[in-house]
Amino acid sequence: MTVYRVPFNHSSLRGSELKYINQAITTGQIAGDQTFSKKCQALLESALGVHRALVTTSCTHALEMAALLLDLQPNDEVIVPSFTFVSTANAFVLRGAKPLFCDIRPDTMNLDETKLVNLITPRTRAIVPVHYAGVACEMDAINRIAAAHGITVIEDNAHGLFGKYKGRWLGTLGAMATQSFHETKNITCGEGGALLINDPLYAARAEIIREKGTNRTSFFRGQVDKYSWVDIGSSYVMSDVLAAFLYAQLEARDTIQERRRNIWCRYHDELKEWASAYGVRQPMVPDHCDQAWHMYYLILPTLPARTAFIEHLKARGILAVFHYLPLHLSSYASRWGGLPGDCPVTEDVSNRLVRLPFFNSMTEDQQNEVISAAKEYVVDGGKNPAQSS
Ligand SMILES: *Cc1c(COP(=O)(O)O)cnc(C)c1O
């Protein structure tokens, strides 16, 4: 295994994680739905103004809960971007639904709302926008189209916690939204997630589905005198040991986001001249979006240029990585007949996008190494910066 001087990601303590874990264990609260889970949920509800937040074992599981809540039937259809993590689609496929893959916008890498109408059929039940890199999708247009067709919007907000769209928090713009606290996300507990419920219609049943199909949550609240099997469900409850870690990170959200803002802006400013000299594209953030500072990516001119760039950094002890492969061209999705050319922007960007190291404990020296290594790279076939000025 290669050991990198600058890894792509590295987990770190941001506050009271160990103290809270110790507290959870010594008070005998290590199963789910105890003090720290409740604190995390209350914090998410009040910070974002959502009707209900439920912490879960992962974002994948929060998506599965959303799919269960929609009561999807075989042959129902769900529209997802092709450029996303597999769980965005898989959660619905597990319920027997068919995913329809939408292409992305060439500027923000987000689901292209202008391509939605062509994909909608009488069987379309949900649209699942992903706020890529924590930059909002065009939610007004998406919600308008969804409402006109009676379709539910579920935000996969794994990248977007504490980002905003036109002044409104990401995760509050669909009927439901899902969060990830996987170690690669801004705020983490290793493995974890949350389901945010904005439409109160789903709240009571979400608690049941999360608790193995029982009304155990109402029982603990004293609303029923015994709990029993009332619906389908599974085990989506987060352990309070992890919730203790998560609560410390959530408490530190302002310093975490500020730190990440600094890292992002520094990459953006320092690489500007190099990028424009070689035709390397930097991220675009529309004025009406306050991004969540989730990642810093670059789009190289060609696939060979990206491969060589990743190798160039690797030789200097720096790990940069590419991102999603087009879902519509995956081996599993071939059953739905996806073809090259169906999502041209996704197919193109997937070959050329690279993510730079970006983590909460990244030092200035580490970032300097990445910046100077990147600037040493002469993009094949690109203009020489010395000649361009
Ligand atoms: C990370 C991620 C997920 C999955 O999150 P888990 O918590 O690991 O299940 C889903 N969707 C997107 C867009 C992600 O980035």
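The values are calculated or read from the model by the stated rules, or taken from the named source; none is laboratory data. Remember, predicted model here, so these are calculated numbers, not experimental data. Heads up, the Cβs are rebuilt from the backbone with ideal geometry, glycines too, and the neighbour counts pull from every protein chain shown. All accessible areas refer to the heavy atoms of the entire protein, side chains included, with ligands and DNA or RNA removed. Shrake-Rupley method; radii C 1.70, N 1.55, O 1.52, S 1.80 Å.
Take T178 and decide whether it is under 22 Å from Y247 (Cα atoms) and either within 11 Å of the ligand (Cβ to nearest atom) or open to solvent by less than 30 Å² (accessible area, probe 1.4 Å) (or both). Considered against the rule, which asks whether it is under 22 Å from Y247 (Cα atoms) and either within 11 Å of the ligand (Cβ to nearest atom) or open to solvent by less than 30 Å² (accessible area, probe 1.4 Å) (or both), T178 comes out as yes.
Filtering the stretch 191-212 to residues that are open to solvent by 10 Å² or more (accessible area, probe 1.4 Å) and either among the acidic types (D, E) or more than 19 Å from L43 (Cα to Cα) (or both) leaves E191, D199, L201, Y202, A204, R205, E207, I208, K212.
The one condition from (1) in a loop (DSSP other than H, G, I, E, B); (2) outside the structural domain of E376 (by TED's automatic domain parsing); (3) without any contact (Cβ under 8 Å) to a residue 40 or more places away in the chain that I232 does not meet is (3). Residues being under 26 Å from Q257 (Cα atoms), assigned to a helix (DSSP H, G or I), out of contact with any helix residue (DSSP H, G or I) (no Cβ under 6 Å at 6 or more places or on another chain) and outside the structural domain of A133 (by TED's automatic domain parsing) are represented in the stretch 274-289 by at least one member. Identify, please: which residue in the stretch 310-351 is small (G, A, S) and over 21 Å from A89 (Cβ atoms) and is, among those, nearest to the chain's Cα centre (by Cα)? Selected residue: A320. Here L43 passes the criteria (1) more than 16 Å from the ligand (Cβ to nearest atom); (2) not assigned by TED's automatic domain parsing to the domain that holds N143 except the one numbered (2). Put simply, of H294, H268 the only residue that is modelled with pLDDT of 95 or more and not in a helix (DSSP H, G or I) is H294. Please indicate, with yes or no, whether at least one residue in the stretch 354-365 is acidic (D, E), crowded, with 17+ Cβ neighbours inside 10 Å and outside any loop (DSSP other than H, G, I, E, B). So far as the stretch 354-365 goes, no, none of its residues is acidic (D, E), crowded, with 17+ Cβ neighbours inside 10 Å and outside any loop (DSSP other than H, G, I, E, B). Flag: I30 matches the condition of being of a type in the set (V, I, T), part of a loop (DSSP other than H, G, I, E, B) and open to solvent by 40 Å² or more (accessible area, probe 1.4 Å).
Beta carbons closer than 7 Å, at least 6 apart along the sequence or on distinct chains, pair a first residue in the stretch 332-351 that is over 13 Å from D103 (Cβ atoms) with a second that is assigned to a helix (DSSP H, G or I) and among the hydrophobic types (A, V, I, L, M, F, W, C) for A333/L327; N351/L303.
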